[in-house]
Every structure is written in C-alpha cells, then in structure tokens.
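First comes the structure, then the notes that go with it.
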Amino acid sequence: MAGFQCKYKNAKEGLIMKNISIGKGEISASEISLGCMRLPSLLENEAKELISTALDEGINFFDNADVYGGGKCEEIFSKALGKSSGIREKIIIQTKCGIRQGYYDFSKEHIQEAVDGSLTRLDTGYIDILLLHRPDALVEPEEVAEAFTKLHSSGKVKYFGVSNQNPMQIELLSRYLNQKIIVNQLQLSITNTGMIDAGLNVNMQISPSLDRDGSILDYCRLKDITIQAWSPFQYGFFEGIFLGNKKFPELNSKIDEIAALKGVPNTAIAVAWILRHPAKMQAIVGTMNKERLKDICKASGVALTRKEWYEIYLAAGNKLP
C-alpha cells in the first residue's frame, strides 16, 4: 500500500484523485468510493489486492452495509484492510443498517444492535458515516433520533445519512434529529436519470417531466447533502450494464468517441459524466476487478465540457424540450 502514502496521487501515472466535501465541509473524501457489496466473490488475497489498489489510486472512502453478504462483506473488508500503522485514521468507512429479512427496521433497538454488529465485524472502534438503508414505512423519527444521539455521544458513529429517501422523508427525520443528514445514496447512471430529467422538462406533459422523487437533486443541493450515486454502470433496476451493450448503440458510440478523445477507458467516461454535475456527487463503484478499478479512477482526471455532457445525455435516448 505504499502508493497510499502519496495520499491522492497515483505516482505511476501522475493521476490525482480529486476530493469532494461530504455534507457542508464535514468530511473531505475521494470523489470515487469503493462499494464493498461483492467482496465475498473474491479470494482472501484478491480482496487484499483490491483494497490495496483502491488506496493506491487515491480512494479513501469505502461503502458497506450490514446486509451485504449477511455481514460477511464487513468482515472481509476488515481483514483485507489489515492493521497497517495509522491506516484507520486515513480512511472513511461508511456502513448502512435497516434492511432485515423480509422487512425494514428503523427501531432504536435495531439501529443500535446493527451498529454494534458492524463495529465487531469491521474490527473498528467507530463508524465514520451510518446510513439508514432504504425507507422504513413504519419509521418513528423520535426513535431514530434517540438511537443516533446515543451512537454519536458514545463515539460509535461520527456522522449520519440516508439511502434512497425523498425530501419529505428526510425533513421528517431532521425535525427530530440532533445531527445533520449529510448523505443520501441514490441510484444514478447515464441511463437512470430520473432526478435530472424532471428538472429539464418542467411544465411538460410528457413522461420525463414527472417528478418521481420530490426534486431530490435540488433539495440535496439546497441542504448541503451529498448525493452518492450507486450503480453508475447499470440500466434499469439491476437489468445489466449499458457499456458495450447492443441495446445502447448510440450511447456506446458517443462514449467511445469521447473516451478516445480524452485518452481514457469508457468506464472513466461513464463515471466522469456523474462527477461533472455541479452537485458534486460521489460515485460508488462496485467493481471487484482491480484493473477495471484503475480504469474507473481515471474519471477523476477527466473534465467533460458542457457540450460533451449533453451529447452523452442525448445519446442515451433523452430529448431536450
């Protein structure tokens, strides 16, 4: 992990991983995060190599959840990270709770028990950011507030966020919380642009004009909540990857054209498209291939023009009013 000592520079290629501010300056983190959901697919030595590669590429943010692999992902991540001197203080660990088998649970008892379980599996004394994982229809915000306060005051969790929540759900929670929500993790890719489409088609009587999420993109910008884009290469709801897919010939042609112009792989362009948005989102990438991860990280050095960004958006089949 020697490359990590260079902080956010890949010395071999001279690439710099840019940082963004999570929340309103609460945390400075790499704009690309490694999602750990698929870690159980790797052998122990492969997991170590992947984490080492992420660190060498300047990634200091790692996204997990107690439900991933039934907790196994957190354990594998901890072992793969190892106990290098001072490494824990140099990285940001995020995990999520609230999904149980067949139902969601934001009760104070479950939140606290889930955090204790994650701390044990991650072999750490604290979690940097805890997210509530998908909305619980039976949420009692007073209970969430009580759990968050206990976790924060005990030093077990530093910051809090949510996943897949709309503005009113966040407002309801925030009314009772003593802590600020600094993250909202939402699905976004070039082919999943609902939160962008509605803002471009205001007052139109067409499908893209439908506001399906309460203007969550603008809301998060107004509230200094960092959007973390998950599944940046997926189309639909885990239907497949759009890169190299014959279903998206025009999109792939445009991405390949711009990738060749910038001298980077197509994966870098797909992520750079997300990073170009002025909301300063963080992309959560879940590849378990270390070479693919290196390619993706090149997105941090790509500056798409406004024209290129719109060309990619239109090539995905979108239309401007």
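At-a-glance table
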| read-out | value |
| --- | --- |
| Test: residue 69 is open to solvent by 10 Å² or more (accessible area, probe 1.4 Å), under 21 Å from residue 131 (Cα atoms), touching a Pro at 6+ places or on another chain (Cβ under 7 Å) and among the small types (Gly, Ala, Ser) | yes |
| Index of the failed condition, residue 236 passing every other in (1) more than 30 Å from residue 44 (Cβ to Cβ); (2) small (Gly, Ala, Ser); (3) out of contact with any strand residue (DSSP E or B) (no Cβ under 8 Å at 6 or more places or on another chain) | (3) |
| Segment 267-321, residues that are surrounded by fewer than 17 Cβ atoms within 10 Å (Cβ to Cβ) and of a type in the set (S, T, N, Q) | 289, 305 |
| Single residue of 203, 164 found to be open to solvent by 10 Å² or more (accessible area, probe 1.4 Å), without any contact (Cβ under 8 Å) to a residue 12 or more places away in the chain, at positive phi and of a type in the set (S, T, N, Q) | 203 |
| Unmet requirement for residue 153, which otherwise passes all of (1) without any contact (Cβ under 8 Å) to a residue 12 or more places away in the chain; (2) touching a strand residue (DSSP E or B) at 6+ places or on another chain (Cβ under 8 Å); (3) open to solvent by 60 Å² or more (accessible area, probe 1.4 Å) | (2) |
| Positions within segment 174-191 being under 23 Å from residue 61 (Cβ atoms) and in contact with a strand residue (DSSP E or B) (Cβ under 8 Å, 6 or more places away or on another chain), in sequence order | 177, 179, 180, 181, 182, 183, 184, 185, 186, 187, 188, 189 |
| Single unsatisfied condition, residue 130 versus (1) in contact with a helix residue (DSSP H, G or I) (Cβ under 7 Å, 6 or more places away or on another chain); (2) open to solvent by 40 Å² or more (accessible area, probe 1.4 Å); (3) under 29 Å from residue 74 (Cβ atoms) | (2) |
| Count of segment 14-72 residues which are in contact (Cβ under 8 Å) with a residue 12 or more places away in the chain and under 24 Å from residue 277 (Cβ atoms) | 28 |
| Of all residues making up segment 12-56, the number that are more than 12 Å from residue 297 (Cα to Cα) and part of a helix (DSSP H, G or I) | 12 |
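Results for (1) in a helix (DSSP H, G or I); (2) under 20 Å from the mean Cα position of the chain (by Cα), shown as yes or no for each residue.
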site	(1), (2)
251	yes, no
254	yes, no
261	yes, no
267	yes, yes
274	yes, yes
277	no, yes
283	no, yes
292	yes, yes
299	yes, yes
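The values are calculated or read from the model by the stated rules, or taken from the named source; none is laboratory data. Note that the structure is a prediction, hence the values are computed from the model and not measured. Heads up, the Cβs are rebuilt from the backbone with ideal geometry, glycines too, and the neighbour counts pull from every protein chain shown. For accessibility, only protein heavy atoms count, side chains too; no ligands or nucleic acids. Shrake-Rupley method; radii C 1.70, N 1.55, O 1.52, S 1.80 Å.
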